[in-house]
Amino acid sequence: MARLQERYRTEIISALQEELGLKNPMQVPRIERVVVSMGVKNAHLERKKLEAAFDQLTTITGQKPKITRATKSIAAFRLREGQEVGCCVTLRRTRMFEFIDRLVSIALPRVRDFRGLNPKAFDGAGNFSMGLTEQLVFPEINPDKVHDVQGMNIAVVTNATTNADGLALLKAVGFPFQKPGEKNN
């Protein structure tokens with residue numbers, strides 16, 4: 001069992017139950033899945049870029065990604081429907097907790113000029129999305145083997161019904177949010 005998963009079961013559930021004023025521990029919001037995706041610029045023109053992103057996402061998440069395809073044609077980008085444009089991974093259970101633990105304790109502190117996550121990045125239903133500008137913040141990636149710096153989107157899907165419940169859950173898990181009034185440059 002992952003370290004964060006064990007802490008969630010033993011400490012976080014009871015603390016959130018008390019904080020949110022819930023009677024039953026089954027009412028406590030929980031993280032259902034984490035979706036990590038990378039869109040690769042000109043992936044349909046240069047296959048090697050997509051393969052490199054695929055390998056790096058596999059290394060970061062510990063799970064084989066799915067190749068994503070364009071849903072519609074865009075002439076300005078020389079893109080046709082069905083062409084490969086990126087890759088994505090959906091993490092659940094133990095791998096999800098391990099990824100969140102590495103993200104919060106190792107990767108986010110390595111981001112240059114990091115002042116905390118934006119607490120307004122929730123979607124209205126308790127789900128949180130964030131972006132990283134480079135994959136090199138993860139220690140699993142060898143910077144000498146990276147030719148193209150690639151960003152990624154991370155979506156944390158919870159079963160919380162409100163943004164406040166989702167924020168309380170992610171703060172309890174350890175996500176470093178900005179204090180009210182601070183701005184992230």
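Which value, in debye to the nearest 20, gives the size of the charge dipole of the chain about its Cα centre, when Lys and Arg are +1 and Asp and Glu are -1 at the Cβ?
So the dipole magnitude of the chain works out to roughly 340 debye.
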_Compute the angle between helix 93-102 and the longest alpha-carbon principal axis of the chain, please, reported from 0 to 90 degrees and rounded to the nearest 10._
80
*Among 105, 175, 151, whose Cα sits farthest toward the positive end of the charge dipole of segment 63-183 (+1 at Cβ of Lys/Arg, -1 at Cβ of Asp/Glu, about the Cα centre)?*
151
*Quantify, in whole percent, the carbon and sulfur part of the accessible surface of the chain (1.4 Å probe; protein heavy atoms only).*
48
_Neighbour-limited loop hits for GluC sites (Glu not before Pro), segment 6-106 (at most 16 other Cβ within 10 Å; DSSP other than H, G, I, E, B)_ = 46, 81
*Just order 21-27, 68-74 by mean Cβ neighbour count inside 10 Å, highest at the front, would you?*
68-74, 21-27
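Using a 1.4 Å probe, what is the accessible area per residue for segment 50-185, in Å²?
Each residue of segment 50-185 exposes 57 Å² on average to a 1.4 Å probe.
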*asked:* Using Cα springs under 10 Å in a Gaussian network model of the chain, which residue among 155, 76, 15 shows the largest mean-square fluctuation?
replied: 76
*Using R₀ = 35 Å, calculate the FRET efficiency as 1/(1 + (r/R₀)^6) where r is the Cβ-Cβ separation of residue 69 and residue 161; round to 0.05.*
0.60
*asked:* Can you compute the FRET efficiency between residue 133 and residue 10 using 1/(1 + (r/R0)^6), with r the Cβ-Cβ distance and R0 = 35 Å? Round to the nearest 0.05.
replied: 0.50
_Under 5 Å between amide hydrogens, which residues at least 5 positions from residue 117 or on another chain qualify, with H placed 1.01 Å from N in the peptide plane?_
177, 178
*Summing +1 for each Lys or Arg and -1 for each Asp or Glu, what net charge is found among the other residues whose Cβ lies under 13 Å from the Cβ of residue 105?*
+2
_Charge sum, other residues only, whose C-beta stays under 15 Å from residue 143's C-beta, Lys/Arg counted +1 and Asp/Glu -1_ = -2
*With runs of 4+ DSSP H residues as the only contributors, calculate the mean residue ellipticity of the chain at 222 nm using -39,500 (n - 2.57) per run, divided by the residue total and rounded to the nearest 500.*
-7500 deg cm²/dmol
*asked:* Counting other C-beta atoms within 10 Å, and keeping those with at most 10, which DSSP coil trypsin sites (Lys or Arg not before Pro) do you find in segment 75-184?
replied: 112, 120, 183
*Describe numerically, in nm with one decimal, the distance between label points set 7 Å from Cα along Cα→Cβ at residue 149 and at residue 123.*
2.9
*4 °C / 1.567 mPa s Stokes-Einstein diffusion coefficient of segment 1-120, Kirkwood radius on C-alpha pairs, µm²/s*: 76
*Net length gained if the chain between residue 18 and residue 58 were fully extended (0.36 nm per residue, minus Cα distance)*: 10.6 nm
*12 Å beta-carbon shell around residue 125, net charge (K/R +1, D/E -1)*: -3
_List the lysines whose Cα sits under 28 Å from the Cα of residue 41, skipping any in the same chain fewer than 8 residues away._
49, 64, 66, 72, 120, 145
*Which ³J(HN,Hα) values, rounded to whole Hz and listed in residue order, are derived for segment 17-32 from phi using the Karplus coefficients 6.51, -1.76 and 1.60 in 6.51 cos²θ - 1.76 cosθ + 1.60 with θ = phi - 60°, glycine and proline given as x?*
4, 6, 5, 8, x, 9, 8, 10, x, 6, 7, 5, x, 9, 7, 8
*Shape category assigned to segment 66-176 from the gyration tensor of Cα positions, a/c cut at 1.5*: oblate
*Label-point separation (nm) for residue 30 and residue 94, each offset 7 Å from Cα along Cα-to-Cβ?*
1.6
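The values are calculated or read from the model by the stated rules, or taken from the named source; none is laboratory data. Values in this document were obtained by computation on a predicted structure and should not be read as measured data. Neighbour counts are summed over all protein chains in view; Cβ atoms, including those assigned to glycine, are modelled from backbone coordinates with ideal geometry. Just so you know, the surface numbers come from the protein's heavy atoms only, side chains and all, with ligands and any DNA or RNA stripped out. Shrake-Rupley method; radii C 1.70, N 1.55, O 1.52, S 1.80 Å.
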